[in-house]
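Data block below; observations after.
The values are calculated or read from the model by the stated rules, or taken from the named source; none is laboratory data. On a predicted model such as this, the values are computed, not experimentally measured, just so you know. Using ideal geometry, Cβ is built from the backbone for each residue, glycine included, and neighbour counts are taken over all protein chains shown. The accessibility values were calculated without ligands, DNA or RNA, using every heavy atom of the protein model including side chains. Shrake-Rupley method; radii C 1.70, N 1.55, O 1.52, S 1.80 Å.
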2 protein chains.
Amino acid sequence: MSTDVLDATFAALADPTRRAILARLAAGEATVTELAAPFEMSQPAVSKHLKVLERAGLVSRGRDAQRRPCRLEARPLKAATDWLENYRDYWEESYQRLDALLTELKDRDARLPDPHADETAPAAGSRNPKPDGTPRTDGPGSRGA
Amino acid sequence: MSTDVLDATFAALADPTRRAILARLAAGEATVTELAAPFEMSQPAVSKHLKVLERAGLVSRGRDAQRRPCRLEARPLKAATDWLENYRDYWEESYQRLDALLTELKDRDARLPDPHADETAPAAGSRNPKPDGTPRTDGPGSRGA
DNA sequence: TCTTCAGATAACCCCTTAGTTAAATAACCG
DNA sequence: CGGTTATTTAACTAAGGGGTTATCTGAAGA
(Lines give C-alpha, C1' and ligand atoms only; values in the text may rest on other atoms or scores of the structure.)
Protein backbone atom coordinates (compact mmCIF):
# COMPACT_ATOMS: atom_id res chain seq x y z
CA MET A 1 0.00 0.00 0.00
CA SER A 2 2.93 2.31 -0.61
CA THR A 3 2.00 5.87 -1.24
CA ASP A 4 3.33 5.60 -4.78
CA VAL A 5 0.50 3.30 -5.70
CA LEU A 6 -2.05 5.74 -4.39
CA ASP A 7 -0.21 8.64 -5.99
CA ALA A 8 -0.26 7.04 -9.40
CA THR A 9 -3.77 5.69 -9.08
CA PHE A 10 -5.40 8.90 -7.92
CA ALA A 11 -3.42 10.89 -10.46
CA ALA A 12 -4.59 8.56 -13.19
CA LEU A 13 -8.20 8.90 -12.08
CA ALA A 14 -8.01 12.69 -12.00
CA ASP A 15 -8.54 12.90 -15.75
CA PRO A 16 -12.01 12.43 -17.26
CA THR A 17 -10.63 10.94 -20.44
CA ARG A 18 -8.83 8.27 -18.47
CA ARG A 19 -11.87 7.53 -16.36
CA ALA A 20 -13.87 7.14 -19.54
CA ILE A 21 -11.25 4.77 -20.89
CA LEU A 22 -11.51 2.66 -17.77
CA ALA A 23 -15.28 2.65 -18.05
CA ARG A 24 -14.97 1.48 -21.61
CA LEU A 25 -12.53 -1.25 -20.65
CA ALA A 26 -14.90 -2.43 -17.97
CA ALA A 27 -17.05 -3.63 -20.83
CA GLY A 28 -14.19 -5.72 -22.18
CA GLU A 29 -10.88 -5.52 -23.96
CA ALA A 30 -10.34 -2.89 -26.61
CA THR A 31 -7.63 -1.77 -28.97
CA VAL A 32 -6.06 1.66 -28.90
CA THR A 33 -7.93 2.89 -31.94
CA GLU A 34 -11.18 1.56 -30.56
CA LEU A 35 -10.50 3.44 -27.37
CA ALA A 36 -9.51 6.59 -29.21
CA ALA A 37 -12.56 6.67 -31.46
CA PRO A 38 -15.06 8.27 -29.05
CA PHE A 39 -12.74 11.13 -28.24
CA GLU A 40 -12.03 14.23 -30.23
CA MET A 41 -8.36 14.10 -29.50
CA SER A 42 -5.62 12.52 -31.57
CA GLN A 43 -4.59 8.92 -31.20
CA PRO A 44 -1.17 9.74 -29.72
CA ALA A 45 -2.94 11.65 -26.99
CA VAL A 46 -4.94 8.56 -26.12
CA SER A 47 -1.75 6.52 -26.24
CA LYS A 48 -0.30 8.85 -23.63
CA HIS A 49 -3.33 8.42 -21.42
CA LEU A 50 -2.98 4.69 -21.77
CA LYS A 51 0.63 4.90 -20.73
CA VAL A 52 -0.41 6.76 -17.61
CA LEU A 53 -3.01 4.12 -16.86
CA GLU A 54 -0.48 1.40 -17.51
CA ARG A 55 2.09 2.97 -15.23
CA ALA A 56 -0.56 3.07 -12.54
CA GLY A 57 -1.21 -0.63 -13.13
CA LEU A 58 -4.78 0.04 -14.15
CA VAL A 59 -4.37 -1.31 -17.64
CA SER A 60 -2.42 -4.18 -19.12
CA ARG A 61 -1.94 -5.00 -22.75
CA GLY A 62 -1.73 -8.12 -24.78
CA ARG A 63 -0.68 -8.61 -28.36
CA ASP A 64 -2.80 -9.65 -31.30
CA ALA A 65 -0.82 -9.16 -34.49
CA GLN A 66 -0.26 -5.43 -34.79
CA ARG A 67 -2.96 -4.71 -32.26
CA ARG A 68 -2.21 -4.22 -28.57
CA PRO A 69 -5.50 -4.91 -26.85
CA CYS A 70 -5.93 -3.20 -23.50
CA ARG A 71 -7.66 -4.72 -20.56
CA LEU A 72 -8.74 -3.34 -17.24
CA GLU A 73 -6.64 -4.16 -14.20
CA ALA A 74 -8.74 -3.02 -11.33
CA ARG A 75 -6.59 -4.07 -8.44
CA PRO A 76 -5.11 -0.62 -7.78
CA LEU A 77 -8.66 0.67 -7.50
CA LYS A 78 -8.99 -1.48 -4.46
CA ALA A 79 -6.09 0.30 -2.82
CA ALA A 80 -7.73 3.62 -3.57
CA THR A 81 -11.06 2.45 -2.25
CA ASP A 82 -9.44 1.06 0.87
CA TRP A 83 -7.88 4.40 1.55
CA LEU A 84 -11.14 6.22 1.02
CA GLU A 85 -12.94 3.72 3.17
CA ASN A 86 -11.16 5.16 6.19
CA TYR A 87 -13.17 8.32 5.72
CA ARG A 88 -16.53 6.71 5.24
CA ASP A 89 -17.69 7.78 8.67
CA TYR A 90 -16.89 11.37 7.88
CA TRP A 91 -19.18 11.81 4.99
CA GLU A 92 -22.23 10.23 6.55
CA GLU A 93 -24.33 13.35 6.77
CA SER A 94 -26.03 12.49 10.01
CA TYR A 95 -22.74 12.69 11.84
CA GLN A 96 -21.58 15.99 10.44
CA ARG A 97 -23.19 18.03 13.19
CA LEU A 98 -22.17 15.65 15.92
CA ASP A 99 -18.63 15.83 14.65
CA ALA A 100 -18.63 19.60 14.74
CA LEU A 101 -19.92 19.48 18.26
CA LEU A 102 -17.31 17.04 19.43
CA THR A 103 -14.50 19.06 17.92
CA GLU A 104 -15.77 22.22 19.53
CA LEU A 105 -16.08 20.62 22.94
CA LYS A 106 -12.68 19.04 22.70
CA ASP A 107 -11.29 22.36 21.57
CA ARG A 108 -12.78 24.12 24.54
CA ASP A 109 -11.72 21.43 26.98
CA ALA A 110 -8.04 21.41 26.18
CA ARG A 111 -5.91 22.33 23.20
CA LEU A 112 -4.87 18.94 21.98
CA PRO A 113 -1.28 18.54 20.84
CA ASP A 114 -1.45 15.90 18.10
CA PRO A 115 0.53 17.31 15.18
CA HIS A 116 0.23 14.42 12.82
CA ALA A 117 -1.63 11.22 12.23
CA ASP A 118 -0.23 8.66 9.81
CA GLU A 119 -1.43 8.93 6.29
CA THR A 120 -2.81 5.45 6.24
CA ALA A 121 -4.63 5.75 9.51
CA PRO A 122 -6.98 8.67 9.83
CA ALA A 123 -8.02 7.31 13.21
CA ALA A 124 -11.39 6.37 11.84
CA GLY A 125 -14.17 6.71 14.31
CA SER A 126 -15.84 4.22 16.52
CA ARG A 127 -19.08 5.79 15.45
CA ASN A 128 -19.95 3.66 12.50
CA PRO A 129 -18.71 0.10 12.88
CA LYS A 130 -18.60 0.01 9.09
CA PRO A 131 -20.39 -2.63 7.13
CA ASP A 132 -23.54 -0.73 6.43
CA GLY A 133 -26.01 -2.56 4.33
CA THR A 134 -26.78 0.36 2.06
CA PRO A 135 -27.61 -1.00 -1.36
CA ARG A 136 -25.85 0.65 -4.25
CA THR A 137 -27.85 3.36 -5.91
CA ASP A 138 -26.38 2.70 -9.31
CA GLY A 139 -28.15 -0.06 -11.10
CA PRO A 140 -25.68 -2.71 -12.13
CA GLY A 141 -26.64 -3.85 -15.58
CA SER A 142 -25.98 -7.27 -16.91
CA ARG A 143 -22.41 -7.90 -17.91
CA GLY A 144 -20.45 -10.54 -19.72
CA ALA A 145 -22.13 -12.98 -22.06
CA MET B 1 -21.65 14.14 -9.74
CA SER B 2 -20.18 16.33 -12.44
CA THR B 3 -16.82 15.19 -13.67
CA ASP B 4 -15.26 18.39 -12.32
CA VAL B 5 -15.88 17.23 -8.80
CA LEU B 6 -14.14 13.94 -9.48
CA ASP B 7 -11.37 15.72 -11.34
CA ALA B 8 -10.64 18.02 -8.45
CA THR B 9 -11.08 15.37 -5.80
CA PHE B 10 -8.87 12.74 -7.39
CA ALA B 11 -6.29 15.36 -8.28
CA ALA B 12 -6.24 16.54 -4.69
CA LEU B 13 -5.83 13.00 -3.44
CA ALA B 14 -2.94 12.32 -5.81
CA ASP B 15 -0.48 14.05 -3.50
CA PRO B 16 0.82 12.29 -0.39
CA THR B 17 1.19 15.55 1.50
CA ARG B 18 -2.44 16.35 0.93
CA ARG B 19 -3.56 12.89 1.91
CA ALA B 20 -1.55 13.24 5.10
CA ILE B 21 -3.21 16.57 5.77
CA LEU B 22 -6.62 14.99 5.36
CA ALA B 23 -5.62 12.20 7.70
CA ARG B 24 -4.53 14.72 10.24
CA LEU B 25 -7.77 16.65 9.89
CA ALA B 26 -9.73 13.48 10.42
CA ALA B 27 -8.51 13.70 14.00
CA GLY B 28 -10.00 17.14 14.36
CA GLU B 29 -9.55 20.75 13.35
CA ALA B 30 -6.05 22.14 13.00
CA THR B 31 -4.40 25.43 12.16
CA VAL B 32 -2.13 25.90 9.18
CA THR B 33 1.03 25.92 11.27
CA GLU B 34 -0.08 22.81 13.11
CA LEU B 35 -0.63 21.14 9.78
CA ALA B 36 2.68 22.34 8.40
CA ALA B 37 4.76 21.22 11.38
CA PRO B 38 5.19 17.53 10.44
CA PHE B 39 6.42 18.34 6.95
CA GLU B 40 9.83 19.41 5.85
CA MET B 41 8.49 21.93 3.42
CA SER B 42 7.86 25.58 4.06
CA GLN B 43 4.60 26.76 5.50
CA PRO B 44 3.52 28.63 2.34
CA ALA B 45 3.85 25.33 0.50
CA VAL B 46 1.37 23.79 2.91
CA SER B 47 -0.90 26.78 2.44
CA LYS B 48 -0.91 26.01 -1.26
CA HIS B 49 -1.84 22.41 -0.60
CA LEU B 50 -4.64 23.62 1.59
CA LYS B 51 -5.88 25.84 -1.16
CA VAL B 52 -6.01 22.85 -3.47
CA LEU B 53 -7.93 20.87 -0.88
CA GLU B 54 -10.25 23.80 -0.33
CA ARG B 55 -10.93 24.18 -4.04
CA ALA B 56 -11.83 20.50 -4.12
CA GLY B 57 -14.22 21.07 -1.25
CA LEU B 58 -12.30 18.72 0.99
CA VAL B 59 -11.41 21.34 3.54
CA SER B 60 -13.23 24.33 4.97
CA ARG B 61 -11.84 26.96 7.24
CA GLY B 62 -13.11 28.94 10.18
CA ARG B 63 -11.60 31.90 11.90
CA ASP B 64 -10.22 32.10 15.40
CA ALA B 65 -8.39 35.39 15.85
CA GLN B 66 -5.43 35.29 13.48
CA ARG B 67 -5.76 31.57 13.09
CA ARG B 68 -7.73 29.96 10.27
CA PRO B 69 -8.56 26.51 11.56
CA CYS B 70 -9.10 23.90 8.88
CA ARG B 71 -11.63 21.16 9.10
CA LEU B 72 -12.25 18.09 7.01
CA GLU B 73 -15.14 18.16 4.57
CA ALA B 74 -15.44 14.59 3.48
CA ARG B 75 -18.43 14.83 1.21
CA PRO B 76 -16.44 14.88 -2.04
CA LEU B 77 -14.81 11.67 -0.91
CA LYS B 78 -18.20 10.07 -1.17
CA ALA B 79 -18.42 11.01 -4.82
CA ALA B 80 -15.01 9.46 -5.40
CA THR B 81 -15.94 6.33 -3.53
CA ASP B 82 -19.21 6.05 -5.40
CA TRP B 83 -17.34 6.17 -8.66
CA LEU B 84 -14.87 3.55 -7.53
CA GLU B 85 -17.68 1.40 -6.23
CA ASN B 86 -18.68 0.72 -9.82
CA TYR B 87 -15.47 -1.23 -10.23
CA ARG B 88 -15.68 -3.24 -7.06
CA ASP B 89 -16.56 -6.39 -8.96
CA TYR B 90 -13.50 -6.05 -11.10
CA TRP B 91 -10.94 -6.24 -8.39
CA GLU B 92 -12.36 -9.23 -6.60
CA GLU B 93 -9.52 -11.61 -7.35
CA SER B 94 -11.63 -14.70 -7.69
CA TYR B 95 -13.30 -13.27 -10.75
CA GLN B 96 -10.21 -12.20 -12.59
CA ARG B 97 -9.83 -15.48 -14.39
CA LEU B 98 -13.50 -15.85 -15.10
CA ASP B 99 -13.46 -12.37 -16.55
CA ALA B 100 -10.57 -13.17 -18.83
CA LEU B 101 -12.39 -16.25 -19.99
CA LEU B 102 -15.58 -14.41 -20.71
CA THR B 103 -13.81 -11.73 -22.67
CA GLU B 104 -11.98 -14.28 -24.73
CA LEU B 105 -15.12 -16.22 -25.50
CA LYS B 106 -17.04 -13.11 -26.38
CA ASP B 107 -14.14 -11.99 -28.52
CA ARG B 108 -14.11 -15.26 -30.41
CA ASP B 109 -17.88 -15.30 -30.77
CA ALA B 110 -18.31 -11.92 -32.40
CA ARG B 111 -16.31 -8.72 -32.51
CA LEU B 112 -18.46 -6.48 -30.39
CA PRO B 113 -18.95 -2.93 -31.57
CA ASP B 114 -19.39 -0.88 -28.37
CA PRO B 115 -17.07 2.09 -28.74
CA HIS B 116 -17.85 3.82 -25.49
CA ALA B 117 -19.61 3.30 -22.22
CA ASP B 118 -20.55 6.34 -20.20
CA GLU B 119 -18.01 7.42 -17.67
CA THR B 120 -20.40 7.10 -14.80
CA ALA B 121 -21.61 3.66 -15.75
CA PRO B 122 -18.98 1.00 -16.34
CA ALA B 123 -21.75 -1.53 -16.79
CA ALA B 124 -20.99 -3.11 -13.47
CA GLY B 125 -21.47 -6.81 -13.41
CA SER B 126 -24.27 -8.94 -12.13
CA ARG B 127 -21.60 -11.19 -10.76
CA ASN B 128 -21.24 -9.80 -7.29
CA PRO B 129 -24.50 -8.46 -5.91
CA LYS B 130 -22.34 -6.13 -3.85
CA PRO B 131 -22.63 -5.87 -0.11
CA ASP B 132 -19.89 -8.21 0.91
CA GLY B 133 -19.44 -8.51 4.61
CA THR B 134 -15.67 -8.21 4.55
CA PRO B 135 -14.60 -6.49 7.73
CA ARG B 136 -12.19 -3.64 7.37
CA THR B 137 -8.60 -4.58 7.86
CA ASP B 138 -7.58 -1.24 9.28
CA GLY B 139 -8.24 -1.01 12.95
CA PRO B 140 -10.37 2.01 13.66
CA GLY B 141 -9.07 3.59 16.81
CA SER B 142 -11.17 5.54 19.23
CA ARG B 143 -12.08 8.98 18.08
CA GLY B 144 -13.58 12.09 19.51
CA ALA B 145 -13.20 12.88 23.20
C1' DT C 1 9.15 -6.43 -51.80
C1' DC C 2 5.92 -2.72 -51.36
C1' DT C 3 1.90 -1.17 -49.04
C1' DT C 4 -1.09 -0.58 -45.43
C1' DC C 5 -2.74 -0.76 -40.89
C1' DA C 6 -1.98 -0.16 -35.69
C1' DG C 7 0.68 2.08 -32.29
C1' DA C 8 4.63 4.17 -30.34
C1' DT C 9 8.08 8.05 -30.24
C1' DA C 10 9.84 12.50 -30.92
C1' DA C 11 9.82 17.27 -30.76
C1' DC C 12 7.46 20.91 -29.60
C1' DC C 13 3.73 24.19 -27.31
C1' DC C 14 1.33 26.02 -23.43
C1' DC C 15 -0.28 25.87 -18.96
C1' DT C 16 -0.35 24.04 -14.31
C1' DT C 17 1.90 22.41 -10.12
C1' DA C 18 5.06 22.01 -6.36
C1' DG C 19 8.35 24.18 -4.26
C1' DT C 20 11.31 28.28 -2.86
C1' DT C 21 12.14 33.14 -0.43
C1' DA C 22 10.60 37.55 0.65
C1' DA C 23 7.20 40.75 1.54
C1' DA C 24 2.32 42.10 2.69
C1' DT C 25 -1.98 41.47 5.84
C1' DA C 26 -4.34 40.85 9.83
C1' DA C 27 -5.30 40.29 14.41
C1' DC C 28 -3.84 40.07 18.98
C1' DC C 29 -0.71 41.86 23.04
C1' DG C 30 1.48 45.31 25.65
C1' DC D 1 1.45 52.85 18.51
C1' DG D 2 4.89 48.98 17.98
C1' DG D 3 5.85 44.26 18.06
C1' DT D 4 4.71 39.47 17.61
C1' DT D 5 2.12 35.64 15.68
C1' DA D 6 -0.44 33.42 11.93
C1' DT D 7 -1.34 33.28 7.30
C1' DT D 8 -1.61 34.98 2.51
C1' DT D 9 0.31 36.87 -1.57
C1' DA D 10 3.90 37.77 -4.92
C1' DA D 11 7.59 36.60 -7.86
C1' DC D 12 10.31 33.23 -9.41
C1' DT D 13 12.20 28.43 -10.77
C1' DA D 14 11.97 23.66 -12.17
C1' DA D 15 9.38 20.03 -13.57
C1' DG D 16 5.38 17.65 -15.49
C1' DG D 17 0.82 17.19 -17.92
C1' DG D 18 -2.03 17.32 -21.87
C1' DG D 19 -2.32 18.38 -26.35
C1' DT D 20 -0.59 18.83 -31.18
C1' DT D 21 1.82 17.15 -35.84
C1' DA D 22 5.14 14.51 -38.00
C1' DT D 23 7.86 10.54 -38.12
C1' DC D 24 9.32 5.82 -36.98
C1' DT D 25 8.51 0.72 -36.00
C1' DG D 26 6.50 -3.56 -36.76
C1' DA D 27 3.42 -6.99 -38.35
C1' DA D 28 0.08 -8.57 -42.35
C1' DG D 29 -0.96 -9.16 -46.67
C1' DA D 30 -1.05 -8.32 -51.85
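Scalar couplings 3J(HN,Hα) for segment A:77-89, obtained by applying the Karplus form with A = 6.51, B = -1.76, C = 1.60 to θ = phi - 60°, are 5, 5, 4, 4, 4, 4, 4, 5, 4, 4, 9, 3, 4 Hz; x denotes Gly and Pro.
Remark: label point of B:ASP82 defined 7 Å out from Cα along the Cα-Cβ vector; separations to the same position in other copies 2.6 nm, ascending. Note on B:ASP4: accessible area approximately 110 square angstrom, rounded to 10, probe 1.4 Å, nucleic acids and ligands left out.
Explain nothing, just the number: relative contact order of segment A:45-91, from Cα pairs under 8 Å at least 6 residues apart, as a whole percent. Write out the running numbers ahead of the final one.
Values: 30 pairs, mean separation 12.2, N = 47.
Relative contact order here is 26 percent.
Per the accessible-area calculation with a 1.4 Å probe, the total area buried between chain A and chain B rounds to 6400 Å². Once you order the gyration tensor axes a ≥ b ≥ c over the Cα atoms, which shape class does segment A:1-88 get: rounded for a/c under 1.5, otherwise prolate or oblate by comparing a/b with b/c? Judged from the Cα gyration tensor, segment A:1-88 comes out prolate (a/c at least 1.5, a/b above b/c). Position A:ARG61: other-copy label points at 4.3 nm, ordered by increasing distance, label point 7 Å along Cα→C-beta.
Enumerate by residue number the GluC sites (Glu not before Pro) in segment A:28-84 meeting two conditions: DSSP loop (anything except H, G, I, E, B), and at most 11 other Cβ atoms within 10 Å of the site's Cβ.
On the way: sites: A:GLU29, A:GLU34, A:GLU40, A:GLU54, A:GLU73; in loops: A:GLU29, A:GLU40, A:GLU73.
Filter output for segment A:28-84: A:GLU40.
Exposure check, 1.4 Å probe, all protein chains in place: B:THR3 carries approximately 50 Å² of accessible surface.
Write down the accessible area per residue of segment B:1-83 in Å², having rolled a 1.4 Å probe over the full set of protein chains.
Working: 3640 Å² over 83 residues.
Normalised by residue count, the accessible surface of segment B:1-83 is 44 Å².
Take the Cα of A:ASP82, step 7 Å toward its Cβ, do the same at B:PHE39, and the gap between the two points is 2.5 nm.
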